[in-house]
Structures are given as C-alpha cells and as structure tokens.
1. Condition check: of a type in the set (Val, Ile, Thr) and modelled with pLDDT of 95 or more. Does VAL26 satisfy that?
2. Against the condition part of a loop (DSSP other than H, G, I, E, B) and either polar (S, T, N, Q) or open to solvent by 90 Å² or more (accessible area, probe 1.4 Å) (or both), how does PRO8 come out, does it pass?
3. For the stretch 13-57, give me each residue that is in a loop (DSSP other than H, G, I, E, B), aliphatic (A, V, I, L, M) and loosely packed, with under 15 Cβ neighbours inside 10 Å.
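The values are calculated or read from the model by the stated rules, or taken from the named source; none is laboratory data. As the structure is a prediction and not an experimental result, all values here were calculated from the model. Cβ coordinates were reconstructed from backbone atoms using ideal geometry, including for glycine residues, and neighbour counts include every protein chain displayed. To get the accessible areas, we keep the full protein, side chains included, count just its heavy atoms, and leave off ligands, DNA and RNA. Shrake-Rupley method; radii C 1.70, N 1.55, O 1.52, S 1.80 Å.
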Amino acid sequence: MPTMQACPECEDEVQISQSARLNEIVDCAGCRSELEIVALGPTVLARAPEVEEDWGE
C-alpha cells in the first residue's frame, strides 16, 4: 500500500510506493518538481539536486 507525503515545494500530496528506496527520485504532480527520498521511516522528501555536466572532466 503506497503512502502519501507532502511535497516540500507546494505541499501537494506525493505518492510513495512501499518499495521506495533511499535516494530514489519521485515527481510531484502538483508543481512538477523532482524530489529525492532522503530518509525512510518516516519518509522525508527534498528537492532533487540539479544534474550538472562535467564537460569531459
């Protein structure tokens, strides 16, 4: 049974599956933010970091 967690950006409900893992990325349907699961039990969501290019480094 999935659980619901409030989005840290817009406070909309985000569905988290029972099989969710630490550092998994989920999307908020309300504000379309990418969120990262930063803790489990209780589940804590934070805005996912932006992906940066390494420019061949």
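1. On the way: of a type in the set (Val, Ile, Thr): yes; modelled with pLDDT of 95 or more: yes.
Criteria met by VAL26.
2. Values: part of a loop (DSSP other than H, G, I, E, B): yes; either polar (S, T, N, Q) or open to solvent by 90 Å² or more (accessible area, probe 1.4 Å) (or both): no.
Answer is no for this residue.
3. Passing the criteria: LEU22, ALA29, LEU40, VAL51.
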